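Report on the following structure.
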Amino acid sequence: MVQEAFIGIDIGTYGSKGVLLSARGEVLATAQREHGMETPRPGWAEQDADAVWWADFCAIAQELMVTARDRSVHIAAVAASAIGPTCLPVDAAGRPLRPSILYGIDTRATAEIDYLNETLGAEAVLQATGNPLTAQAVGPKILWIRRNEPEVWRRTAHILTAASYLTFRLTGRYVVDAYSAAPQAPLFSLDTLSWHPPFVEACCPMEMLPEIIWTTEFAGVVTDQAAAETGIPAGTPVTAGTIDAAAEAISAGVTSSGDMMVMYGTTTFFVQPLARRVQSPHLWGGVYMQPGSYVLTGGMSTTGAITQWFRRELAGSVENAFDRLFAEAEQSPPGANGLLLLPYFSGERTPFSDPLARGVWAGLSLQTSRGDLFRSVLEATALGVRHHVQAMSDAGAPPKRLVAVGGGTRSRLWLQMVSDACNLPQDLPRQRIGASLGDAFLAAVAAGALSNLEGIHDWITLEEPVHPDPATHALYAERFELYRQLYESTVPVVHRLQGMGN
């Protein structure tokens with residue numbers, strides 16, 4: 001009897017991963033690739049859709065298909081996820097016209113944000129879309145291309161996300177899933193669950209936008225051309241695809257209200273599914289994977305990226321540098337011997353939008369050790385997570401548990417800090433492949449191997465949870481107030497410094 005399996009592939013900011021998953025939830029094979037991100041100017045972040053996204057997808061798919069053929073596995077469905085929201089203009093044949101403009105780490109469209117807020121009304125945008133206009137929004141980036149690159153704009157026929165470009169390359173169809181459409185402010189209406197013509201026309205013609213379908217719907221099947229490039233058999237069903245954060249949340253079983261995913265990566269992202277629409281000026285609202293489901297999301301701009309910077313600049317080429325740094329941080333007590341860090345090394349996205357924010361260290365002394373410094377980096381992230389828990393609670397959607405995913409979950413110390421700061425338990429899935437595993441789960445739901453998203457829990461095993469320590473939580477509660485005060489008191493100086501140039 002031929003065994004069925006599902007392929008999930010995720011294209012991230014700095015790397016791509018894929019998984020071959022059996023119809024019993026068994027991981028049959030994995031594959032991964034690394035790639036870079038281009039920053040041609042300060043505040044810009046771009047990637048090449050073909051040389052990075054599609055090339056990685058093809059290489060990973062070909063590698064997974066070797067195992068599929070060796071084990072006589074039939075591929076029942078394919079799903080992809082990728083970074084987002086992104087802005088990729090393509091011509092009438094679907095060919096990219098420029099590198100894609102990435103999500104909130106690209107802050108070039110500040111003038112367009114101001115223009116749209118003034119023209120459409122900031123409150124009207126929030127009410128219609130559930131999202132304030134920030135660097136995360138796609139509409140201002142479309143308008144930036146329209147204003148600044150007239151030759152590209154003249155040839156633009158469609159505006160795609162990273163995942164919708166992959167789906168187009170696989171099926172030839174221009175679609176985007178509802179989860180990915182929602183954060184493309186101010187283009188999507190949460191009232192009608194469709195593109196919002198009055199706001200779309202302020203950015204681009206309606207016909208440039210892809211058709212919206214649900215994440216667990218099939219967009220089409222693998223074409224002959226895509227089969228030749230990927231090795232996936234022609235005719236294999238392909239889902240709509242989605243943004244990587246949503247797929248990551250699904251991989252960890254985040255399917256219910258009260259579950260808040262904390263994705264520890266280069267940045268930190270938050271996803272909480274909801275059974276009703278909840279709106280906040282400090283977070284991003286949207287819809288989740290299936291009809292009747294909503295979501296609140298948020299994202300810190302730099303978290304794991306700061307640990308990478310710290311290792312590079314303050315640990316150098318020391319062997320096992322991260323192991324040493326975490327060991328040194330563990331020797332520093334909670335509170336890092338009086339240090340407090342603001343982690344805004346690349347500005348901040350939520351729960352406030354400030355692209356000019358920067359990192360600030362307070363409390364340095366001649367007794368400060370490297371362990372104190374590194375502990376303060378980890379604690380800054382924990383306080384940032386606490387800030388998002390408060391924003392969720394203020395919006396009427398208090399999280400009941402955190403679900404941890406991403407590379408940072410390898411540090412129990414870091415996880416403990418977050419639980420202590422938030423006073424919430426934290427669950428960890430035993431299988432930590434990430435978004436590509438969530439993609440495979442979503443492909444299984446679309447194909448009917450799982451009846452609904454809740455069925456994913458039958459395929460997920462959790463480790464022993466992290467529980468908060470009451471005494472440390474009390475200390476971090478005081479630190480959180482100082483954390484907020486430090487930002488408010490230093491923001492005029494930091495903004496002025498940014499205005500003076502680097």
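The values are calculated or read from the model by the stated rules, or taken from the named source; none is laboratory data. Here the structure is a predicted model, which is why all the values come from computation and not from measurement. FYI the Cβ positions are ideal-geometry reconstructions off the backbone, even for glycines, and counts take in every protein chain you see.
Restricting the range 269-282 to residues that are modelled with pLDDT of 95 or more and crowded, with 24+ Cβ neighbours inside 10 Å leaves a set whose member that is farthest from residue 403 (Cα to Cα) is 273.
Among the residues making up the range 164-192, those that are part of a loop (DSSP other than H, G, I, E, B) and within 21 Å of the chain's Cα centre (by Cα) are 182, 183, 184, 185, 186, 187, 190. With respect to being surrounded by 24 or more Cβ atoms within 10 Å (Cβ to Cβ), in a loop (DSSP other than H, G, I, E, B) and of a type in the set (Val, Ile, Thr), residue 105 fits the description. Applying the set (1) touching a strand residue (DSSP E or B) at 6+ places or on another chain (Cβ under 9 Å); (2) at pLDDT 95 or above; (3) not β-branched (Val, Ile, Thr) to residue 58 leaves exactly one unmet item: (1).
One line per residue, one yes/no per condition, for (1) in a loop (DSSP other than H, G, I, E, B); (2) at pLDDT below 95; (3) in the same structural domain as residue 240 (by TED's automatic domain parsing):
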residue: 291; (1), (2), (3): yes, yes, no
residue: 329; (1), (2), (3): no, no, no
residue: 352; (1), (2), (3): yes, yes, no
residue: 358; (1), (2), (3): yes, no, no
residue: 368; (1), (2), (3): yes, no, no
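The condition of being under 30 Å from residue 214 (Cα atoms) and within 26 Å of the chain's Cα centre (by Cα) holds for only one of 299, 347, 304, that being 299. Checked against (1) in contact (Cβ under 8 Å) with a residue 12 or more places away in the chain; (2) assigned to a loop (DSSP other than H, G, I, E, B), residue 319 passes all but a single condition, namely (1).
So in the range 186-230, with the set limited to residues that are more than 30 Å from residue 56 (Cα to Cα) and aliphatic (A, V, I, L, M), which one is surrounded by the most Cβ atoms within 10 Å (Cβ to Cβ)? Here the residue is 200.
For the residues 68, 137, 93, 79, the requirement of being part of a loop (DSSP other than H, G, I, E, B), of a type in the set (A, V, I, L, M) and closer than 22 Å to residue 225 by Cβ singles out 93.
Here's the yes/no breakdown for (1) farther than 18 Å from residue 395 by Cα; (2) crowded, with 16+ Cβ neighbours inside 10 Å:
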| residue | (1), (2) |
| --- | --- |
| 232 | yes, yes |
| 284 | no, yes |
| 290 | yes, yes |
| 310 | yes, yes |
| 316 | yes, no |
| 339 | yes, yes |
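Within the range 196-234, the residues that satisfy the criterion of being in contact with a Lys or Arg (Cβ under 7 Å, 6 or more places away or on another chain) and assigned to a strand (DSSP E or B) are 219, 220. I'd like to know if the range 447-466 contains one or more residues that are within 19 Å of residue 341 (Cβ to Cβ) and at pLDDT 95 or above. No: the range 447-466 contains no residue that is within 19 Å of residue 341 (Cβ to Cβ) and at pLDDT 95 or above. Counting the residues of the range 398-408 that are more than 12 Å from residue 465 (Cβ to Cβ) and buried (at least 24 other Cβ atoms within 10 Å of the Cβ) gives 1. Taken over the range 1-53, the residue count meeting the criterion of being of a type in the set (Ser, Thr, Tyr), in contact (Cβ under 8 Å) with a residue 24 or more places away in the chain and within 25 Å of residue 138 (Cβ to Cβ) is 3.
Just one residue in the set 72, 100 is on the phi > 0 side of the Ramachandran plot and touching a residue at least 40 places away in the same chain (Cβ under 8 Å); that residue is 72. Please go through the range 112-165 and give me each residue that is touching a residue at least 12 places away in the same chain (Cβ under 8 Å), surrounded by fewer than 16 Cβ atoms within 10 Å (Cβ to Cβ) and aliphatic (A, V, I, L, M), ordered by number. Matches in the range 112-165: 152 only. If you go through the range 231-275 and keep only what is of a type in the set (A, V, I, L, M, F, W, C) and closer than 23 Å to residue 138 by Cα, you end up with 240, 243, 245, 246, 247, 249, 263, 269, 270, 271. Summed over the range 152-169, residues that are more than 21 Å from residue 289 (Cα to Cα) and among the hydrophobic types (A, V, I, L, M, F, W, C) total 4.
Scanning the range 263-279 for residues that are of a type outside the set (Phe, Trp, Tyr), part of a strand (DSSP E or B) and under 10 Å from the mean Cα position of the chain (by Cα) yields 263, 268, 271.
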